[in-house]
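What follows is a single structure, written as structure tokens, with notes after it.
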Amino acid sequence: MDSKKMRRMLFAMVVMFVVLVAVIGITNLDTVMRKLGFTTDEQIEETAVIEEDTIGGQRGNDLSAFLYDETFFDPEVKFKSIESYSGRRVFLVMSSVAKDLRIMIVDSIGRLVTGAPFTIRIQGVGEYTDSDEDGIIYIDGLRAGEYSVLLEETEGYIVPNTITTIQVRQEIEYRVLDDIEYLILTEDDIDPEKEDKAVNGAAQVADGSENTELGFEGGNGLLGIDVSKWNKDIDWEKVKEAGIEFAIIRCGYRGASGGALVLDPMYEKNIEGAIEAGIPVGVYFFTQAIDEVEAIEEASMVIRLIEDYDVDYPVFLDSESAGGDGRADKLDAEERLRYHKAFLETIASAGYETGVYASKNWFNDRLDVTQLSQYKIWLAEYADAPTYDKYYDMWQYTSKGTVDGIETRVDLNLSFMNIDTSINHAKGAAGYSGIIDGDSGNVPTGSGEE
């Protein structure tokens, strides 16, 4: 290669190197200038923001610029969709026994919402308002069929925006109501002096010959007690040591005036204490039902209260006066029998043995016991020996008993039922022997000795 060509090649290579260095320098101009001391980091950042925001000759390429623009948001704009969903969220819970509809307004944790005049609309029927603001709307006299229910908007509450449907039955079904827990109150919710008014009819006609001791000589029944809040705190271990072989515990009552379903305040403590001490238990409920629907409600409440416990003795319906002014005191014998049967059949449908408690005079005058032969009968008669001449399975022989572990006087009972306490009757098993024939003038012997 001659010298002339060599010089041209070297020149081309130098030019290419210079161009390459220039391109690199221009691409990294900010870094070069900062290294040479001609500019600072702050100046470079300001320049970059300006350039980015003015590319193409217009502002707005910075998509976050609105965050710095004080005029972007209109302070007067109202968000109606947000406002309409502010407040306490409520829901509908509905049930039907027969030709009726009970609608309960509950909050997100299942409590009745009170203090607001909620209105519901039943399509094809009309509107109904919760005028007493107790969270419950009850409608009866409906025809059987499917009904659509809508809860109207109420200030301060978020209501469902959907229509709820329910099937109203033509005939009564004796089954436990699924939503009964919403109706159960405590004594903090009512006036107990007005509502808890059961009157002991047997005590009113006692002849003074009753035995107040624990048990009878020559008797073959099991010795038991029945208790409620009136017996205060009980030491169940001492009760067991005293020889008590079973306990019938009041779980609740229906208010004699207002008709609310009320939990006995000592129920849970009593049933848990008795079971822990090894004492077989049953329960009783004081009724003030004035129709079959209320009787089913009462039975449903009882089932809810006992379903978590081993209940070996029957569930008894306490049938007695509330002092003459109770809401159920004026029922005739036929009505009372019908409502009692609704309770008993509902309890039986859940797999429990069941029966009725009443005084001798009540059974004779206010209730046709011959129509209750398939149920257990718990007689209250305070005499040296019962004079009641019909069958019974258990006898409450005094209300003046004393038992170690109970500071008050207590009801004492003899049971003539064969009870297999190894069976959990909550599961539908039964272990009773049958009808007992009471013998006037003698302590009943029972059909099966314990």
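For the range 296-360, what Kirkwood radius comes out of the mean inverse Cα-Cα distance, in Å? About 12.7 Å, per the Kirkwood formula over Cα pairs.
So what's the range 105-254 giving for Cα Rg divided by 2.2 N^0.38 Å, two decimals?
With N residues counted in the range 105-254, Rg over 2.2 N^0.38 Å equals 1.62.
The reciprocal of the average 1/r between distinct C-alpha atoms defines the Kirkwood hydrodynamic radius, which for the range 167-245 equals 18.0 Å. Globularity index of the range 181-326 is 1.09 (Cα radius of gyration / 2.2 N^0.38 Å, N = number of residues). Computed in the context of the full set of protein chains, the accessible area of the range 292-368 at 1.4 Å probe radius has 38% of its extent on carbon or sulfur.
A protection proxy built from the mean count of other Cβ atoms within 10 Å ranks the segments 278-291, 133-146, most packed first, as 278-291, 133-146. Computed with a 1.4 Å probe over protein heavy atoms only, the accessible surface of the range 239-357 comes to 30 Å² per residue.
The apolar share of the surface of the range 92-194, taken as the fraction of accessible area on carbon and sulfur atoms (1.4 Å probe, ligands and nucleic acids excluded), comes to 42 percent.
Which pairs, out of Lys269/Lys360; Lys197/Lys376; Lys99/Lys360; Lys99/Lys194; Lys240/Lys376; Lys99/Lys390, put more than 28 Å between their alpha-carbon atoms? Listed pairs above 28 Å: Lys269/Lys360; Lys99/Lys360; Lys99/Lys194; Lys99/Lys390. For the pair Lys400 and Asp140, label points projected 7 Å from Cα toward Cβ lie 4.3 nm apart.
The three principal axes of the C-alpha atoms in the range 247-290 carry coordinate ranges of 37, 15, 8 Å, sorted with the longest axis first.
The values are calculated or read from the model by the stated rules, or taken from the named source; none is laboratory data. Bear in mind the structure is a predicted one, so any value in this text is a computation, not a measurement. As a convention, Cβ positions derive from the backbone with ideal geometry for all residues, glycine included, and neighbour counts pool all protein chains shown. Each accessible area value is taken on the protein alone, full model and side chains, heavy atoms only, with ligands, DNA and RNA left out. Shrake-Rupley method; radii C 1.70, N 1.55, O 1.52, S 1.80 Å.
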